[in-house]
1. Among B:SER58, B:SER398, B:SER415, B:SER272, which comes first, then next, by fewest other beta-carbon atoms within 10 Å?
2. 7 Å from Cα along Cα→Cβ at both B:GLN49 and B:PHE68: what's the point-to-point distance in nm?
3. Estimate the FRET efficiency between B:ALA372 and B:SER160 by the formula 1/(1 + (r/R0)^6), using the beta-carbon distance for r and 45 Å for R0, to the nearest 0.05.
4. According to the Kirkwood expression over distinct Cα-Cα pairs, how big is the hydrodynamic radius of chain A, in Å?
5. Step through the residues of region B:82-91 one at a time and calculate ³J(HN,Hα) from phi using the Karplus curve (6.51 cos²θ - 1.76 cosθ + 1.60, θ = phi - 60°), rounding each to whole Hz and writing x for Gly and Pro.
6. Using Cα centres only, tell me the gap between region B:151-197 and region B:332-383 in whole Å.
7. Less than 23 Å apart at the alpha-carbon level, and either on another chain or at least 8 residues along: which lysines does that give for A:LYS59?
8. State the three equivalent ellipsoid semi-axes of the protein assembly as shown, derived from the C-alpha gyration tensor as the square roots of 5 times its eigenvalues, in descending order and whole Å.
Amino acid sequence: MKLEIKVDPVACDGYGHCAEVAPEIFSLDEWGYPIIRTPMVPPALLAIANLAVKQCPRKALHLAQVVEAPSRRR
Amino acid sequence: MTSPGTQNPQLRLLAGTEGGRRLNHAEHLAIHAELPLPDAHRHAEHWAQDFVKQVEVSGLTGRGGGGFPTARKLSGSIGGHHRHIVVIDAMEGEPAAQKDSVLAAYAPHLILDGAELLAAALSATEVRIAVARDNPAASSSIEAAIAERGRRGRRGAQFSVGTPPGRYVAGEESALVSWLDNGDSRPTYRPSKPAVLTIGRRRAYVENAETTATLALIARHGGGAFAAQGRDRSGGMALVTLSGAVSEPGVHEVAVGTPLGEIIALGRPTGSVSGILLGGYGGTFVGPEALTAPWSADGLQPLGGAPGAGVIIVLSDHSCGIAEMARIADWMARESAGQCGPCVFGLPALAEDLSLVAAARNKGRIDVRLQAHLDVIEGRGACAHPDGVVRMVRSGLSVFRKDVAAHLEGRRCASATAPTVLTLPANTGVLPWR
């Protein structure tokens, strides 16, 4: 099962907590909003990914199971 | 007004509306005849399958900008156990598009016919038609048309008009459905796409007004006859809105596949065409080489463009493409719904970069900063608004690359001091979200 980490950009207020907890997964843009460096979370990073999800002050992060089907564009 | 040769004058969305005439129900029936609908529910399923088949043959694709095959969208929703509500999107927040407003104002009964068809096919009991609050000509025309036919459609569906605030993003599918579901007219975050949008407990089937009206022609004349009106594989007719450096801006009904230059000639360009923005402010710039390309999905795809919602904005050598692009980017930045950081902060930064390039003030490697901003904004909003701006700017930088290079070297292009030609409306920032 593959897991993808996603940010809800509407909920995110740019606290930047995720990049402190999990710098392997998140960096911040010049305005302080997260850029996801590794969308597909490797098993070794799953624990800190979960921590980032749990600790996000805006509850803007979530891990989604990746469905292996061709996605429709737009 | 139209261009192609062997044509059926009844197979026109704008038939009888010449000179800005609104067709009442009797006049509409005199031109288009009665709409074929299944008369009883027991026939409905078979009828719906046949209807989808005709739509498939017609080759119709979404005229709201997405360009997705309408038959595939329909067949994905028909026959399931979900209850549907039909939503007709005539919001047309794109300032350079006028066609849905023209249809609503002059041929409202075609839109209502198409909505009847969708309601019948989806067994929906309610149809909501969304028109921007600041567009009373369109909303009152639809209201009057509903009153003429009776509040309930021929098969009992209830019709009503909703008027969300006329903001740029308010017609985006999720924003529209949010408003109809008593929320703000702002886009919502949908982690998986295509997303299911709901109003109460019903699934919203959202269709653009022109697409809906076109269904009314296809149901009457058949998918094959509609497709045959086109000039290439995509087939059919579509509405375009011409603006920019043309002396006669406006809405035209054209055969899909007509060379872009032929369409632009209808508006009488005021100068030598230097670039064309296709699809809207969040669309794609193509260069003058596109004038010979067929205006269709197939014809424009090699150039990176698409017909989208039929917007064609012409730029000429009388004004600086970079300056025009900078103004559009600035306008779009102010139309952000204000929800996502990369859009709220990224678009103004991008607009600022562009205005510096337009002014040929290349302080501190503005080109590098511009590219970095484009890269960092893309794909990071809840809706496609920021991505549209990125697409417009990237394609514009390519089409106007010679001028861009000159501006970056501190030499402005020949037309840089000329006044800009695009007329941008006032930003909608003062409007409410509800």
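1. B:SER272, B:SER398, B:SER415, B:SER58
2. Rounded to a tenth, the inter-label distance reads 2.4 nm.
3. After rounding, the FRET efficiency stands at 0.40.
4. Final number for the Kirkwood radius of chain A is 12.6 Å.
5. 7, 8, 10, 10, 8, 10, 9, 9, 10, 5
6. Between the Cα centre of region B:151-197 and that of region B:332-383, the gap is 29 Å.
7. A:LYS59 reaches A:LYS2, A:LYS6, B:LYS193.
8. 38, 31, 19
Where a number appears in this text, it was derived from the coordinates with a stated rule and is not lab data. Quantities reported herein were computed from a predicted structural model and do not represent experimental measurements. A quick note on method: Cβ atoms are made from the backbone with ideal geometry, for glycine too, and the neighbour counts reach across all protein chains shown.
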